[in-house]
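So the structure is just underneath, and the comments pick up after that.
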Amino acid sequence: MLNDLPENLIKRQEKIIDIIKNEPKRMCHLWTTIKYNQILYVVSRDAIKIDGIRINLSSKYQQELAEEWGACLLTPRVVDIIYANSFKLDPKPRSISSSIQDMIAHSEAVDEQLKDKEISSTTPIAPVGKDWCYPPVSNGKATIYGWNINNNQLSWNGIKTHPSTFSGKRVLQPISTIHNIDHFDYSSTVRFMSEIIIDGQFYKCKDVIDKPEFKEYLWG
């Protein structure tokens, strides 16, 4: 399991991208459609897995992969829309680490919550990590957000919570640009959005994400 991933962080990400491109049998990724306010969103049902493990990539590599797939990084609003439609899990924070062992341990901790649960194959599960969000910002910084929680308390397991994009809802990770586009750790799982469907009309997210008339659907 993941025995061919190097410890070097750049080479590891390059190897992950190579596996996704050239060894599709090792990869698992499913698109699903969710509905919010009569709008349909085509999004990742779960994070991308290789050999059954949710892999980690920096914002830089996630953006490159999204572009190759004709997709987009999520916006914070879409992170929250996915969560509102999901089978809800608890965040699984741990000491910050970029090791392969912690990537595996975090993915397995997510899977432990799914054991023996009956979940539709089209229902998203969330949160499965934190999300690098669109757009990567100026000066080489990246936007991170997520780890929704299923209550509106000001703290969760001793961790301060923050408002989500939905009134009265909370997350552990507020919108932040503390990291650069090359940073990643065990929590940097990979989810995308592909299309938005309004009144039966399909729009590629990458084509409309910056258009003012779509702001209410993708940014809230």
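The values are calculated or read from the model by the stated rules, or taken from the named source; none is laboratory data. What you see is a predicted model; the values in this text were computed from it and never measured. So basically every Cβ, Gly included, is an ideal-geometry build from the backbone, and we count neighbours across all protein chains shown.
Some points to look at:
- Among the strands (runs of 3 or more DSSP E) confined to region 153-220, the ones with at least 2 residues that are modelled with pLDDT of 95 or more and under 15 Å from the mean Cα position of the chain (by Cα) are located at 170-176, 192-198.
- Evaluation of ASN157 against (1) on the phi > 0 side of the Ramachandran plot; (2) surrounded by 17 or more Cβ atoms within 10 Å (Cβ to Cβ) (one fails), failing number: (2)
- Residue count for region 85-142, restricted to those that are hydroxyl-bearing (Ser, Thr, Tyr), surrounded by fewer than 18 Cβ atoms within 10 Å (Cβ to Cβ) and touching a strand residue (DSSP E or B) at 6+ places or on another chain (Cβ under 6 Å): 2
- Scanning region 143-154 finds one or more residues that are buried (at least 16 other Cβ atoms within 10 Å of the Cβ), on the phi > 0 side of the Ramachandran plot and in contact (Cβ under 8 Å) with a residue 60 or more places away in the chain.
- Search result, residues across region 121-146 that are hydroxyl-bearing (Ser, Thr, Tyr) and in a loop (DSSP other than H, G, I, E, B): SER121, THR122, THR123, TYR134, SER138
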